[in-house]
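**Student:** Below you will find the structure I want to go over with you.
The values are calculated or read from the model by the stated rules, or taken from the named source; none is laboratory data. None of the values given here were measured: they were computed from a predicted structure. Don't worry about glycine lacking a Cβ; one is built from the backbone with ideal geometry, like all the others, and counts go over all protein chains shown. We work out accessible area using only protein heavy atoms, side chains counted, and drop any ligands, DNA or RNA first. Shrake-Rupley method; radii C 1.70, N 1.55, O 1.52, S 1.80 Å.
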Amino acid sequence: MKIVFCTAHGAFSQDSYFRDLLPRLKARGHAVELAAIRAGARRTPRKVRVLLRLLGWGNVLQGALASFLYARAGINGLLRDTGVTWRGFPSVNGAEFRTHIREMGADLVINNQSEFFKAETLALPRHGVLNIHLGDLPDYRSYLPTYWAMMDGRTSFGVSAHFMVETIDAGDLAGKRLIDGTGLAMLDIMAALNREAVDLVLEVVDRLAEGQRPGEPMPQRPYRPLPTLDEAAEFHRRGLKVGRMTWRSRTP
């Protein structure tokens, strides 16, 4: 199959995920390409304020600087080591990306935290667009599912794969993996889920390659919005741990 992975421009947090996954897909005979989406790296002022309150200045600045450097140099090492081609696009919903997907005859697009897809883009790949969501769907439809799961007192955390529709986190559920996050900090849980996502993607791709379309209708649950500043502060008042983002961090 011809597979295109979409991720945010400068998403250094996806490096180990791609280093593990891409060679394994190529070994299965699939043609793989990376698409860096510049729109996916944008954050609204409100989102930045919430992330600063929740993650702290150190983590946010470390992540921003690492993303800046990765977009300009770090990704070259990933491409060299995996032998995968890379292209940048302003948006998945722009004419440039749509033309590329149409002309290459993409069988599947896999979204890793780039941006929301509109119906015209979703209809282009033969098997649609698979979204990798670092949360246990359908319970945690959210931009920050790990945050909400920790606030709910959960010790089990999930990564889910679902076929995208225009409604956020609502398409057919293709599979998911769960981990025990007891005692772990939020960023460490997210990193562990990223590692679990590798086998989840391989499982779904294998079934598609065999002519099966995994998936069952997603039960609808309320969407959990971005936390307010007070809710972000409450995370710390409860003694929950964020963890630390480092230069080699593998968290989203």
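**Student:** Is it true that some residue in the stretch 206-227 is open to solvent by 80 Å² or more (accessible area, probe 1.4 Å), in a strand (DSSP E or B), touching a residue at least 40 places away in the same chain (Cβ under 8 Å) and out of contact with any helix residue (DSSP H, G or I) (no Cβ under 9 Å at 6 or more places or on another chain)?
**Tutor:** For the stretch 206-227, residues open to solvent by 80 Å² or more (accessible area, probe 1.4 Å), in a strand (DSSP E or B), touching a residue at least 40 places away in the same chain (Cβ under 8 Å) and out of contact with any helix residue (DSSP H, G or I) (no Cβ under 9 Å at 6 or more places or on another chain): present.
**Student:** Identify, by number, the condition in (1) surrounded by fewer than 20 Cβ atoms within 10 Å (Cβ to Cβ); (2) not in a strand (DSSP E or B) that residue 179 doesn't meet.
**Tutor:** Failed condition: (2).
**Student:** I'm checking my understanding of the structure. Among residues of the stretch 168-189 that are under 30 Å from residue 213 (Cβ atoms) and acidic (Asp, Glu), which one is modelled with the lowest pLDDT?
**Tutor:** 169
**Student:** Now, a different point. Please count how many residues of the stretch 124-148 are of a type in the set (Phe, Trp, Tyr) and within 12 Å of the chain's Cα centre (by Cα).
**Tutor:** Qualifying residue count, the stretch 124-148: 1.
**Student:** If you take the residues in the stretch 199-238 that are acidic (Asp, Glu) and over 20 Å from residue 135 (Cα atoms), which one is nearest to the chain's Cα centre (by Cα)?
**Tutor:** 206
**Student:** For the stretch 133-158: of the residues being of a type in the set (A, V, I, L, M) and open to solvent by less than 10 Å² (accessible area, probe 1.4 Å), which is nearest to residue 47 (Cα to Cα)?
**Tutor:** 149
**Student:** So residue 136 passes all but one of these: (1) in a loop (DSSP other than H, G, I, E, B); (2) over 23 Å from residue 18 (Cα atoms); (3) among the acidic types (Asp, Glu). Which condition number does it fail?
**Tutor:** (2)
**Student:** What's the total number of residues in the stretch 66-91 that are at pLDDT below 80 and open to solvent by 80 Å² or more (accessible area, probe 1.4 Å)?
**Tutor:** Of the residues in that region, 4 qualify.
**Student:** With the requirement that a residue be surrounded by 17 or more Cβ atoms within 10 Å (Cβ to Cβ), in contact with a Lys or Arg (Cβ under 8 Å, 6 or more places away or on another chain) and part of a loop (DSSP other than H, G, I, E, B), what does the stretch 159-176 give you?
**Tutor:** Selection gives 169, 170.
**Student:** Does residue 22 satisfy being over 18 Å from residue 112 (Cα atoms), at pLDDT 85 or above, open to solvent by less than 20 Å² (accessible area, probe 1.4 Å) and outside any loop (DSSP other than H, G, I, E, B)?
**Tutor:** The answer is no for residue 22.
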